Amino acid sequence: MKSVYRVRRAVLVLLSLCLITPMVYALTVEELLGELPAKDSAHAVQLYESVVAGDASLIASLCDSVVLWKEGADPKIPMALHGLTNHIMRPKNGAHRSRIVRLYEAALGRTNDPENQRFFMSLLRICGDKDSVTVLAPYLCDTVVFDDAIQTLEAIGGEEAVTLLENTNCPDMPEAFSVAVKTVLMRMANSVAYERNTTGLDTLLLAAAVTPPELEDRKGVAALCRKALKDKEAEPHVQALALRALVNTEGVDALPDLVQAGESPEPVVWGMALQLSDGIPGAAVSRAWIGQLKHLPEVVRPQLIYMLGGRDDRSARGAVRKALMSKDIKMRLAACDAVGRYDVKEGFMGSLERALADAESKKEIAAVKGALLQFPVSDLTKVVARRVVQGDRLQQIAYLEIIASRRIEEALKSVRKCLKSEEEQVRCVALDTVAVIGTPDDMPSLFEHLLTEESDQAITAARNAIAAVADMHALRPAATKQIQTIFKDTDFESRVRLLKVLDTLGDTAALDEVGKIAESAIFGEEQDMEVGTLALETLGTWKQVRAWDLLLTIFERVETEEIRMTVLQQIIIAAPRVFNNVPQQVKFLEKAQAVCTTDAEKQAVTEALEASRSTEKK
Amino acid sequence: MNSRKNPSRRDFLRSAGAAAAGFSIVPRHVLGGAMFTAPSEEITRAIIGIGGMGRGHLGYRGARTVAVCDVDQNRIDTVLKGLEAGVTGYRDFREVLARDDIDVVHIATPPHWHGIISAEAARAGKDIWCEKPMTRTIGEGRKVIEAVQRYGAMFRLNTWFRFRGDFYGFGTKVKPIKKLVDSGMLGWPLTVTVGPATGFDLKFQWSGLTDLVSEPVPEELDYDLWLGPAPYKPYHLHRTHTTFRGYWDYDGGGLGDMGQHYLDPVQYLLDKDDTSPVSIEVDAPQQHPDAAGAWRRIEMTYADGCRIILDAVNTDSSKIPYIEGPEGKLYRGFRSDIPDIEKKVALLPDPETQEPDFYQSVRTRRKFPLNESNGHRSCTLVNLGKIALRLGRGFSYDPVLEESVGDEAANRLIHQPMRSPWCI
């Protein structure tokens, strides 16, 4: 029974192998090159399986066909060999590796062309094994390709490669050979960092600068570090390295040295001291530094405050809070940044409020504002609603910007108070804020501001706020109607402003209203070409076909030559804005041309058509 | 390089107090009024690599350029003509690093030099402003971190979308996206898609040529120094200057050039500054060993299931969300299937403020928001993609060891040899 079972199982395995193993057959060089580049990974597997399954002569033939950097060279040949190399180096695919590597080594031996030698060495850098080491040995003393051979040995690695490099002597070789070998041996031993000793420091100390250290004589190394730190001849960055090595060696026991290094006049040294301290947890670290705050150079103190940010002990938090109220602006700025390092900012809100109230400059206000914006909106709401109506102009603006940025609708009542501020800048930012959180109840106030503000900035803010609130609360039709109502009985300046609001609203109803204003101004009982021109200009900037059609309709109706030219100018200006391709521009300009009545009008349209067509040619 | 004994400007200041008897420091207001920066406070810089990118660095405000460096003498000559007196030109960056009076080096060379120059600059006591991608290989990136942190240098990577600016074709800044992601409204894990559909051009025009023929090296170019650590290949104009981007030895096509701009904000959004993906998949035609080419898709997956997809194929921005989670999606232009998304995001707390001025970091010694650590991680995203393309397949990655476990071919691309005498 058992033997029957075994036979049956063997048959099943054989059958499944036949089914799942791709059918491979030997390719010719031409067939292989004709398939390149392989379309994707699966195609590459199929191709190169065929190659490895085939005769070695295919691979040898490819190798012997390599021609590089010359006219007529076939780039697919190096591509084929490279693809084959990648294939044999696929994980768990190493069955063919040794055979192919030997073929490459043989090809290397057959060529005298240095570029080809380099190429085969580059393949061996990918797939060479320890047996390749002896093959590369003769090339170490080759004046042209020795460095490529050395690089290949480095890539292969291992004891054999190191031994060969250590023991090879090429007396006739340039100095470059010994430099190359030395460099590679250092790299292979991962010892570059401290064996290329340009620092003047003891090699034990340099070793300690590498983390994690494996030191026997920690005391001795620590003493070396401390000696280096006291050496006035040492470069600052070298002292910084010694400090790092000391911390690697002694850990938190190096704390006194770190704090002392904080007194160094060298930025690199005190910077390293703070950086290393930042990485050591515990309240003792905070306390040790805070205790020395007064003795630190002025330039270091703010950076200490920043370093304390994010440290969750009471001392650190207290120091940051205190720094927010410091007389030194640099301390206050650093404290704002330090607050940002805390995930939980509880306990800082009050200090930040006071900091903003006492802030002396735009930069400081921006820093405090930046810190406040990192608080949850629930923490901010009460504070901003209260504070936005207090303080000077810059502080009010800061709170308004916070409210707008975080869309704190609960503060709307306070924002409305700011709309009444005597400070124009405050009103502008309040209008911007209403644009974000305003309600339908704000519309009358916004229109009032639109019509009464004096500066362009304030008028623009009011206009944008009207459009934004209308958009938010589906009030566009109501806003358009409001404009219609006001427009009739107001002065020219106000009409200008109202037309711009319609332009900003930008929908079809607003557009139609502008059209009506234009027609009323041009064709009404009391013609008003000032308003009419304005309305036409507004239509001219409107990026909708309907606007252009309105202009054309007006053009067709107008009889007065001067007014016709005014309308026509807007038609011509509008064409490239409304129609984004030349054929359409031409089509519509030709429509306008068809209703031109004077030579001057026709000439104007002709010139516009020529300009459009010449744009297309470019 | 021996320890320098010549006193630095700061040595002078330290000893100024002791020498005060016959000397006084001229007050700032006497020298030049309110806007004048005293020499001791002024930051000096050198720009290494003064092609297109490097010339852009000349315009960065806040420091005084005292040296420029390039391996192409014509570039040095051209740039010096347009600069005021007092700027010295060099061909070898080592001479720049040997100067005591340079505080910051800006590295705008092709990427194959970024790692070495960054590490050497740190060892020379300089702060570093490095162009993206941070390094050409993951192994080099690790070495840069070691050098920068050992010597206390300040490092910044030259991309900025995680802390300012409109985010390419996406049409918004990164901050509201960060707030949205941090709020959990989209759920977790998240998938982020980068490609034409979400507003990002993958720049396949930066593909290399496969039929280069050896050319004579122009006289003005030190080609040996141009190559530096890269493998020796005969000179061709297309390998150098702007089009070097098309070659694996120096960069990595459009992915190498722009990848870190696009992917660093993604890493920030997903809060992955201290880790890397664990698996990488690729859909691409076989790549040439020398010249980078186009590809279709790269997918990287983190241990928690978050994914980054680089999708070169799909272009319909209405169908492909930029970020997708189990609870919601965000499309280009900040459109979402979550109602009132903008209002909801506005209610959320801002993330921590990030200092956008590197020269402030130089003064305060605070880590810059995009520094050697998180810069290395976002550069790793680019380099993992490049490895997958060059291997023609996916692979797995250990973000702690920063190696591929059991994949020798991938590891040989993570750590690559350098041409002598260069090392990092």
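The values are calculated or read from the model by the stated rules, or taken from the named source; none is laboratory data. Quick caveat: nothing in here was measured; it's all calculated off a predicted structure. No Cβ is skipped: glycine too gets one built from the backbone with ideal geometry, and neighbour counts run over all protein chains shown.
A:A470: assigned to a helix (DSSP H, G or I) and modelled with pLDDT of 95 or more, yes or no?
yes
Can you run down the residue pairs with Cβ atoms below 8 Å, 6 or more apart or on separate chains, where the first is in segment A:538-551 and surrounded by 23 or more Cβ atoms within 10 Å (Cβ to Cβ) and the partner is in a helix (DSSP H, G or I) and polar (S, T, N, Q)?
Matching pairs, first to second residue: A:L539/A:Q570; A:L551/A:Q570.
For segment B:289-310, which positions are assigned to a loop (DSSP other than H, G, I, E, B) and closer than 18 Å to B:D271 by Cα?
B:Y302, B:A303, B:D304, B:G305, B:C306
Which of the residues spanning segment A:122-151 are among the aliphatic types (A, V, I, L, M), out of contact with any His (no Cβ under 9 Å at 6 or more places or on another chain), part of a helix (DSSP H, G or I) and at the interface with another protein chain (Cβ under 9 Å from one of its Cβ atoms)?
Scanning segment A:122-151 gives a single hit, A:I150.
Would you be able to say whether some residue in segment B:263-280 is within 13 Å of another protein chain (Cβ to nearest Cβ), crowded, with 19+ Cβ neighbours inside 10 Å and either in contact (Cβ under 8 Å) with a residue 60 or more places away in the chain or part of a loop (DSSP other than H, G, I, E, B) (or both)?
Yes, that holds for at least one residue.
Residues A:A430, A:A435: which one is touching a Lys or Arg at 6+ places or on another chain (Cβ under 9 Å) and small (G, A, S)?
After applying the criteria, what remains is A:A430.
Quick one: which helices (runs of 4 or more DSSP H) lie wholly within segment B:311-424 and hold at least 2 residues that are more than 11 Å from chain A (Cβ to nearest Cβ) and within 24 Å of the chain's Cα centre (by Cα)?
Output list reads B:358-364, B:372-391.
State whether one or more residues within segment A:563-580 are assigned to a helix (DSSP H, G or I) and loosely packed, with under 11 Cβ neighbours inside 10 Å.
no
Just checking, does segment B:271-284 include any residue being modelled with pLDDT under 95 and under 18 Å from the mean Cα position of the chain (by Cα)?
no
Somewhere in segment A:520-527, is a residue in contact (Cβ under 8 Å) with a residue 24 or more places away in the chain and closer than 25 Å to A:E590 by Cβ?
Among the residues of segment A:520-527, at least one is in contact (Cβ under 8 Å) with a residue 24 or more places away in the chain and closer than 25 Å to A:E590 by Cβ, which makes the answer yes.
Quick check on segment A:46-61: of everything there that is crowded, with 18+ Cβ neighbours inside 10 Å and of a type in the set (A, V, I, L, M), which residue is nearest to the other protein chains (Cβ to nearest Cβ)?
A:L47
Scan segment A:338-352 and report the pairs whose first residue is farther than 12 Å from A:V368 by Cβ and whose second residue is at pLDDT below 95, with Cβ atoms within less than 6 Å and a gap of 6+ or a chain change.
Cβ pairs passing all conditions: A:R341/A:G310; A:Y342/A:G310.
Is there a residue in segment B:80-89 that is under 24 Å from B:D257 (Cα atoms) and either surrounded by 15 or more Cβ atoms within 10 Å (Cβ to Cβ) or at pLDDT 95 or above (or both)?
So far as segment B:80-89 goes, no, none of its residues is under 24 Å from B:D257 (Cα atoms) and either surrounded by 15 or more Cβ atoms within 10 Å (Cβ to Cβ) or at pLDDT 95 or above (or both).
Restrict the check to segment B:181-190 and report whether at least one residue is over 23 Å from B:A346 (Cβ atoms) and of a type outside the set (D, E, K, R).
yes
Can you report the number of residues in segment A:62-84 which are more than 12 Å from every other protein chain (Cβ to nearest Cβ) and part of a helix (DSSP H, G or I)?
So the answer is 3.
Give A:L333, A:L276, A:L304 a once-over and let me know the one that is part of a helix (DSSP H, G or I), in contact (Cβ under 8 Å) with a residue 40 or more places away in the chain and not polar (S, T, N, Q).
Residue meeting the stated conditions: A:L304.
For (1) within 16 Å of A:V299 (Cα to Cα); (2) in contact with a Gly (Cβ under 9 Å, 6 or more places away or on another chain); (3) of a type in the set (S, T, Y), each residue gets a yes or a no:
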position	(1), (2), (3)
A:S326	yes, no, yes
A:L333	yes, no, no
A:C336	no, yes, no
A:E346	no, no, no
A:A355	no, no, no
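Return a yes/no flag: does segment A:231-241 have any residue that is more than 8 Å from every other protein chain (Cβ to nearest Cβ) and among the small types (G, A, S).
no
What number of residues in segment B:281-294 are surrounded by 20 or more Cβ atoms within 10 Å (Cβ to Cβ) and at the interface with chain A (Cβ under 10 Å from one of its Cβ atoms)?
Here the count works out to 8.
Does at least one position in segment A:264-273 carry a residue that is surrounded by fewer than 16 Cβ atoms within 10 Å (Cβ to Cβ) and among the hydrophobic types (A, V, I, L, M, F, W, C)?
No: zero hits.
Applying the selection to segment B:217-239, what residues are surrounded by 21 or more Cβ atoms within 10 Å (Cβ to Cβ) and either outside any loop (DSSP other than H, G, I, E, B) or free of Cβ contacts under 8 Å to residues at least 24 places away in the same chain (or both)?
Residues satisfying the conditions are B:W226, B:L227, B:R239.
Hey, B:S214 hits all of (1) surrounded by 14 or more Cβ atoms within 10 Å (Cβ to Cβ); (2) touching a helix residue (DSSP H, G or I) at 6+ places or on another chain (Cβ under 8 Å) but one; which does it fall short on?
Single failed check for B:S214: (2).
Could you tell me whether any residue of segment B:139-157 is under 23 Å from B:L347 (Cβ atoms) and more than 12 Å from chain A (Cβ to nearest Cβ)?
The answer is no, given that none of the residues of segment B:139-157 is under 23 Å from B:L347 (Cβ atoms) and more than 12 Å from chain A (Cβ to nearest Cβ).
Read through the list (1) at pLDDT below 95; (2) hydroxyl-bearing (S, T, Y); (3) assigned to a helix (DSSP H, G or I), then give the number of the only condition that A:T490 fails.
The failed condition is (3).
Read through the list (1) within 45 Å of the chain's Cα centre (by Cα); (2) surrounded by fewer than 21 Cβ atoms within 10 Å (Cβ to Cβ); (3) closer than 19 Å to B:R412 by Cα; (4) not charged (D, E, K, R), then give the number of the only condition that A:S98 fails.
(1)
Do you know which of the residues in segment A:474-502 that are of a type in the set (A, V, I, L, M, F, W, C) and over 46 Å from the mean Cα position of the chain (by Cα) is nearest to A:P444 (Cα to Cα)?
Among those residues, the one meeting the criterion is A:I486.
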